[in-house]
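Quick notes on the structure that follows.
Quick note: the coordinates plus some simple rules give every number you see, no bench work behind them. Computed from a prediction, not measured in an experiment: that's the story for all the values here. We place every Cβ from the backbone using ideal geometry, glycine too, and count neighbours over all the protein chains shown.
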Protein chains: 2
Amino acid sequence: MDAIRGDIRSSDFPLTGEFLAGRLREHLDQDDLNYIEDLIETVEEHGDGTRLLETGDVTNKSTMLIEGYVFRTIESGDRRYIVGIQVPGDFVDLHGFALKRLDHSIVAAGPVKIGSVSHESLRTVMQDRPNIARAMWFATLLDASIHRKWIQILEQLDAPKRIAHLYAELHTRLELIGRTVPRALRTPFTQLDLADMCGVSAIHANRAVGKLRELGVAEIRRGDLYTDDWDRLKRYARFNADYLYGDGALKLDEGWN
Amino acid sequence: MDAIRGDIRSSDFPLTGEFLAGRLREHLDQDDLNYIEDLIETVEEHGDGTRLLETGDVTNKSTMLIEGYVFRTIESGDRRYIVGIQVPGDFVDLHGFALKRLDHSIVAAGPVKIGSVSHESLRTVMQDRPNIARAMWFATLLDASIHRKWIQILEQLDAPKRIAHLYAELHTRLELIGRTVPRALRTPFTQLDLADMCGVSAIHANRAVGKLRELGVAEIRRGDLYTDDWDRLKRYARFNADYLYGDGALKLDEGWN
DNA sequence: ACAGAAAGCTAACATGCGTCAATAGACCTC
DNA sequence: GAGGTCTATTGACGCATGTTAGCTTTCTGT
């Protein structure tokens, strides 16, 4: 009830359903997808920077991102560190269903549309729809796999390559939900956002963006990336998409329940 | 069957059960713990550096660490990046139960003792013991929380503080399973291991260890850390244990099944 | 159209970290 | 206990990144 804060611009409009359940999609049939759509009880829009969930919050519902991007952030000192990004179709706080309090905050990156599912409904899912429950567990494991990749990226790459890798990852994730356009990737990220994702200062993020431009790898303007050659960008960033399990590596062959 | 490689030094000896199920422990009763102990079908010992599981492996059993430490590693270029550490009582590849292939490797850090649970048994657990299934899901969510903290640490701290934070985390995790000694924390880590965890060169890890010594924060000799003042070390590393959910933040108050 | 605010850009200098080279200490094997 | 190997250590130099300061461009609201 109080977990969602910020300015609500409108609410209660229809879901497209087009990409609903995002990466869970290929593991589920139409019946499952309808079932998930029915779980969503309320839909809201929020503006840029809205703090949707706060570190330490105890929730009684979970949030699915329908439109836009959100950041997972950890605050320390007086600075913000971005530890993850979610794209449409992702549940942003499924872990809040099993863990009492949240270990990080969720902040809107640009305008967002979100749907809410009560934990009570999720409990019913766990009971009645093992397929969907399994797909949801898969989704949290996929988040963990992405976290591990981010750790490696921070350990291995310099700032320009980190930024390139970030966009490469987003491009692949958006491809998986059919949300890409040919030669660009549009985001509302500022250079400060990029800096907070890459663990560098805003000024150095600016240098890094400049280097990508200079090298001809990509042109980034106000968050929007333009490139004629995604393959080159991905090679430059040493990007390998395996960790995103785009081929649907959920074990469904052997029913558990 | 072939997922476990390396030199097996002995096998088939009794479990102590003392810390069995590690961080799951406080969420389970003695009956549950006995049940888990019975799940473990084989116990093996392996030497330092043994590659227990390989990126891309498809497994039909999951591994619990009983003694020692293991690294989660991602290899890229010709270098190894450590993206996580497990301590006794942790399942190291529960995600291999839901995901077809593994996104990273598991390598023994020093000598280890591990137990194996078949995925067939786990399927039975999911059906018959919702309490335990829940605790296992919790364990994978806790891993994700630790991953997020590592991301933040890499973004925020310099090398000396990263090393201090690493030992602070291990100290707290070992406390949770009753495995600490007063003024020290013994590990088999080399400075190269520390470097691969912190994303710096081995030489810089050496400088960082030197700085901790110089500052009087801690003395690290061949992986073993000595300090008279854990609080000071934790303050120096800006360590806050909340992300480890040591108070047992699993939502058990409302049964799901 | 204008003014203020937010975001992007540039330069100069300090520090963290990588690399190379060389040495010293610890452990292992015989 | 001698030799070899792995690990730890030190110094010199260069690049990556942080910090401060100031400036320019773009957005936004009126």
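Find how many whole Å separate the alpha carbon centroid of region B:95-146 from the alpha carbon centroid of region A:30-54.
30 Å
Using a Förster distance of 45 angstrom, determine the FRET efficiency expected from the C-beta separation of A:ALA202 and A:ASP242, and round it to 0.05.
After rounding to 0.05, the efficiency reads 0.90.
Can you tell me how much longer the chain between A:ARG235 and A:LEU33 gets when fully stretched, taken as 0.36 nm per residue apart minus their C-alpha distance, in nm with one decimal?
So the extension gain works out to 69.2 nm.
Starting from the Cα of A:LYS113, draw a straight line to each of the lysines and keep only those under 19 Å, dropping any in the same chain fewer than 8 residues away.
Within the straight-line limit of under 19 Å, A:LYS113 reaches these lysines: A:LYS61.
Going Cα to Cα from A:LYS211, which lysines come in below 20 Å? Please leave out same-chain ones fewer than 8 positions away.
Partners found: A:LYS161, A:LYS234.
Each label point is 7 Å from the Cα along the Cα-to-Cβ direction; what then is the distance between the points at B:ARG101 and B:LEU192, in nm?
With each label point 7 Å from Cα toward Cβ, the separation is 2.8 nm.
Compute the distance in nm between two label points, each set 7 Å from the Cα along the Cα-to-Cβ direction, one at B:ASN60 and one at B:ARG79.
In this crude spin-label approximation the distance works out to 3.9 nm.
Let me check I have the definition right: for region B:8-153, take the eigenvalues of the Cα gyration tensor, multiply each by 5, take square roots. What are those semi-axes in whole Å, largest first?
24, 18, 15
Of B:ALA168, B:ALA144, B:ALA108, which has the largest mean-square fluctuation in a 10 Å C-alpha GNM of chain B?
Maximum among the listed residues: B:ALA144.
Please average, across the residues of B:198-205, the number of beta carbons from any other chain that are within 10 Å of each residue's own beta carbon, and give a whole number.
1
Just check region B:59-104 against the gyration tensor rule for me: Cα atoms, a ≥ b ≥ c as the square roots of the eigenvalues, rounded for a/c under 1.5, and otherwise prolate or oblate depending on whether a/b exceeds b/c.
It is oblate, given that a/c is not under 1.5 and a/b is not larger than b/c.
Could you sort the peptides A:34-44, B:29-39 by per-residue average Cβ neighbour count (10 Å cutoff), highest mean leading?
Highest-to-lowest ranking by the protection proxy: A:34-44, B:29-39.
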